[in-house]
Amino acid sequence: MTTTASGQTAGEDEQSGTSARPALSAPGPAEAPAPAADDPFDRDVLPTPKGASRSLLLSLLRPSGRRVPVAALFLLLQQAAVQAGPLLVAYAIDSAVPALGAEDYGPLVAVAAGYLLCSVAAGGLQYAFVRASARISQDVLLDLRGRIFRHAQALSIDFHERYTSGRLISRATTDVESLRELLNEGLEELLRVVLSVVYICVLLLHLDWGIGACALLSFYPLFLLIRSFQRRSMVVYRGRSTAIAAVITKFAETMNGIRPVQAFRREHANDEDFAERNRRHERANGDAILEMARYVVSSRFVANCALAAIVLWGAYRVADGGLELGVLAAAVLYLRRLYDPIDRLGMFLNSYQSASASLEKIAGLLAQRPSVPEPEQPRALPERDADRPGREVVFDAVRFAYRTGGEVLPRFDLTLTAGHTVAVVGSTGAGKSTLVKLLARFYDPTEGQVLLDGVDLRELRGAELRRAVVMVTQEAFLFSGTVAENIAIGRPDADRADIERAAKAIGAHDFISALPDGYDTDVRKRGGRISAGQRQLIAFARALLADPAVLILDEATSSLDVPGERAVQQAMLTLLNGRTAVVVAHRLSTVEIADRVLVMAGGRIVEDGAPSRLIGDGGRFADLHRAWRESLV
């Protein structure tokens, strides 16, 4: 029973292949409407909630909470051992060396032993810190890569239709690599700089209040330089991260579409586009280097001026008898140690700004929520009858519109009887693929509900829904691994006997056995030996092994030649037996096996009935059938 109401439609993805037989429609444009001008997916940075970057970093560090203080303690003690050196020098000049006149070598030996002990302690503590911090950083990066991969898989289809795979790859590679540089090198450098500045300022104030106060005052212009560099470099590194993402996106897009690129001789145009993106990346990198150079030159100038002024003033005080020579020597050593890390602080800021821009983009990605979320209070499907493996499907007052486009499916009601095969035909943009995507819950209806044996799909756990509803698409994708492993995706706990039984039922056993390693043939290494029709048979064996109650075939034969199509159609008879099936078809040869045909136009079902009755009624389907019969003569 089917009723429809008025509405309008937007274009949808109706891919088709070539064939000698007439198609119900020509290949059309991509299904998802083009993003609006202000669509955040049109930009490289997704909207990031305030504080999301900080929260993400804290959550990554939380599992290492006990190790972080230990690593910090190692660095604290290491810096204490390092900064003890100039104090020992001051003591040696002012006390140990004068004692030599009285042939008292004890103080000088004590200074030498203390210096050696501090050096050994600093080396040992440095090793302990590097080992502890490396474990922390690697655990953080391991966790982050896993989060990105898991989250990207959990996000709904509409996200992946709008956010390119090249950007996802950039998030998981170049942006994570920026964080790796910060965690492995930048944070260690920052902690060293901060601790050394604190230690040195305290020691300078202890040695001489005047010199210590001058050193602290000299930090004000350096602080202004750092703030200015931080603001400018943040803009630069955001642009650099976006530029490298554009390069990766273009590269991935070209390699994924290498066949049409070569077929339509797009190499030169792609070269020019890639070269322009590469030049933008080069300019972004150049801007980052220039900002760093400006900071280093300015900070060194300020530091050298401050050091020269303090040394001159200190030398005058020594000559005047107001300052001991050893104190001045220690102060000069400390001042060199105080200002030298300023350059390294710039390197840290360099890494920090790059990592901050990357963390912002990763946080924006991880902040995206699936548009088809898991139910808070899930329900279970009723038990299947062994004699009735299919399930009833009901579209109840369903409407659907994409978030960035017009309404695709006006309000309609549709009931699919359990165990029957229904073919859906119509022109491009009629709403066929959208209909089955709602049934597979790749999208949720804008209004109404889709019921499976009386249970709203939104109330089913994702795992249970995927067990009950399986889709076989036009392109049978084979994952890396063996033929047997690809079939077992339908039911991971299946043994070899179950896998072979499914392949035999579909009619794929003979060609699989003829492969070099049979079911253990690596489909990637020997993918050229497996035709499109054979890949589709493997996909059907995978679906049969999964034993779904509802099966969706979305253009499953449109890319096959005639012999391949016939082999797949024989397999379909086995696969569809007793199940509820929805077959989206361009070819009438596929429609022949259906119990019922739905003809769609403008998001409405304009014809509904058995194939023979629709042919007799003389409507749209009859015209298509007549054209198909004439093409066979």
Among (1) at pLDDT below 90; (2) under 34 Å from the mean Cα position of the chain (by Cα), there is one condition VAL450 misses while meeting the rest; what is its number? (1)
Where residues in the range 211-227 are in contact (Cβ under 8 Å) with a residue 24 or more places away in the chain and in a helix (DSSP H, G or I), which of them is farthest from ALA293 (Cα to Cα)? ILE211
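Can you go through ASP158, ASP175 and tell me which one is within 18 Å of LEU61 (Cα to Cα) and assigned to a helix (DSSP H, G or I)?
The match here is ASP175.
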Name the single residue, out of those in the range 268-300 being under 30 Å from VAL327 (Cα atoms) and small (Gly, Ala, Ser), that is surrounded by the most Cβ atoms within 10 Å (Cβ to Cβ). SER299
Looking at the range 119-132, is at least one residue closer than 18 Å to LEU183 by Cβ, at pLDDT 80 or above, within 13 Å of the chain's Cα centre (by Cα) and open to solvent by less than 30 Å² (accessible area, probe 1.4 Å)? no
Test for ALA81: is it in a helix (DSSP H, G or I), at pLDDT 85 or above, crowded, with 18+ Cβ neighbours inside 10 Å and in contact with a Cys (Cβ under 7 Å, 6 or more places away or on another chain): yes
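Residue by residue, here is whether (1) under 20 Å from VAL372 (Cβ atoms); (2) not hydroxyl-bearing (Ser, Thr, Tyr) holds:
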{"position": "THR415", "(1), (2)": "no, no"}
{"position": "VAL425", "(1), (2)": "no, yes"}
{"position": "PRO445", "(1), (2)": "yes, yes"}
{"position": "ASN486", "(1), (2)": "no, yes"}
{"position": "ARG491", "(1), (2)": "no, yes"}
{"position": "ARG496", "(1), (2)": "no, yes"}
{"position": "PHE511", "(1), (2)": "no, yes"}
Search the range 252-269 for residues that are free of Cβ contacts under 8 Å to residues at least 40 places away in the same chain and pair each with any residue that is aromatic (Phe, Trp, Tyr) when their beta-carbon atoms are under 6 Å apart and the residues are at least 6 apart or on different chains. none
When the residues of the range 605-633 are filtered to those that are within 24 Å of GLY419 (Cα to Cα) and of a type in the set (Val, Ile, Thr), which remaining residue is surrounded by the most Cβ atoms within 10 Å (Cβ to Cβ)? ILE605
Would you mind stating whether GLN353 is part of a helix (DSSP H, G or I), touching a residue at least 40 places away in the same chain (Cβ under 8 Å) and surrounded by 14 or more Cβ atoms within 10 Å (Cβ to Cβ)? yes
Going by what's in this entry, would SER170 be described as out of contact with any Ser or Thr (no Cβ under 7 Å at 6 or more places or on another chain) and at pLDDT below 85? yes
Filter pass, THR482 being polar (S, T, N, Q), more than 21 Å from ASP554 (Cα to Cα) and either crowded, with 16+ Cβ neighbours inside 10 Å or touching a helix residue (DSSP H, G or I) at 6+ places or on another chain (Cβ under 9 Å) (or both): yes
Checking ARG265 against (1) open to solvent by 90 Å² or more (accessible area, probe 1.4 Å); (2) part of a helix (DSSP H, G or I); (3) modelled with pLDDT under 80: exactly one of these is not met. Which one? (2)
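Filter the range 154-180 down to residues that are small (Gly, Ala, Ser) and without any contact (Cβ under 8 Å) to a residue 60 or more places away in the chain, then give me how many there are.
Let us first name the residues in the range 154-180 that are small (Gly, Ala, Ser), namely 154, 156, 165-166, 170, 172, 178.
Restricting the remaining residues to those that are without any contact (Cβ under 8 Å) to a residue 60 or more places away in the chain gives 172.
Adding up the residues that qualify gives 1.
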Is it the case that some residue within the range 60-73 is within 47 Å of the chain's Cα centre (by Cα), under 22 Å from ALA331 (Cβ atoms) and modelled with pLDDT of 85 or more? no
Among the residues of the range 366-396, count how many are small (Gly, Ala, Ser) and open to solvent by less than 20 Å² (accessible area, probe 1.4 Å). 1
More than 20 Å from LEU576 (Cα to Cα), open to solvent by less than 10 Å² (accessible area, probe 1.4 Å) and either in a helix (DSSP H, G or I) or aliphatic (A, V, I, L, M) (or both): does that describe ALA430? yes
Does LEU345 qualify as being in a helix (DSSP H, G or I) and closer than 30 Å to ARG171 by Cα? yes
Residue pairs, Cβ under 6 Å, 6 or more apart or interchain, first in the range 136-153 and of a type in the set (Gly, Ala, Ser), second crowded, with 19+ Cβ neighbours inside 10 Å. List them. SER137/LEU183; ALA152/LEU168
Of the numbered conditions (1) surrounded by fewer than 21 Cβ atoms within 10 Å (Cβ to Cβ); (2) in a strand (DSSP E or B), ARG403 satisfies every one except a single condition; which is it? (2)
From LEU205, LEU222, LEU179, which residue is open to solvent by 20 Å² or more (accessible area, probe 1.4 Å) and either among the hydrophobic types (A, V, I, L, M, F, W, C) or at positive phi (or both)? LEU205
Tally time: how many residues in the range 574-604 are surrounded by fewer than 22 Cβ atoms within 10 Å (Cβ to Cβ), within 23 Å of GLY429 (Cβ to Cβ) and among the aliphatic types (A, V, I, L, M)? 2
Looking at the range 449-476, I want the residues that are more than 20 Å from PRO373 (Cβ to Cβ) and touching a residue at least 24 places away in the same chain (Cβ under 8 Å) and have a partner that is of a type in the set (Gly, Ala, Ser) and open to solvent by 20 Å² or more (accessible area, probe 1.4 Å) with Cβ atoms under 6 Å, at least 6 apart or on another chain. Which pairs are those? VAL470/ALA546; GLN474/SER559
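Go over the candidates ALA319, ALA363, ALA303, ALA308 one by one and state the one that is of a type outside the set (D, E, K, R), in a helix (DSSP H, G or I), more than 26 Å from ASN184 (Cβ to Cβ) and open to solvent by less than 30 Å² (accessible area, probe 1.4 Å).
On inspection, the qualifying residue turns out to be ALA303.
The values are calculated or read from the model by the stated rules, or taken from the named source; none is laboratory data. None of the values given here were measured: they were computed from a predicted structure. Heads up, the Cβs are rebuilt from the backbone with ideal geometry, glycines too, and the neighbour counts pull from every protein chain shown. Surface accessibility is based on the protein's heavy atoms, side chains included, excluding ligands, DNA and RNA. Shrake-Rupley method; radii C 1.70, N 1.55, O 1.52, S 1.80 Å.
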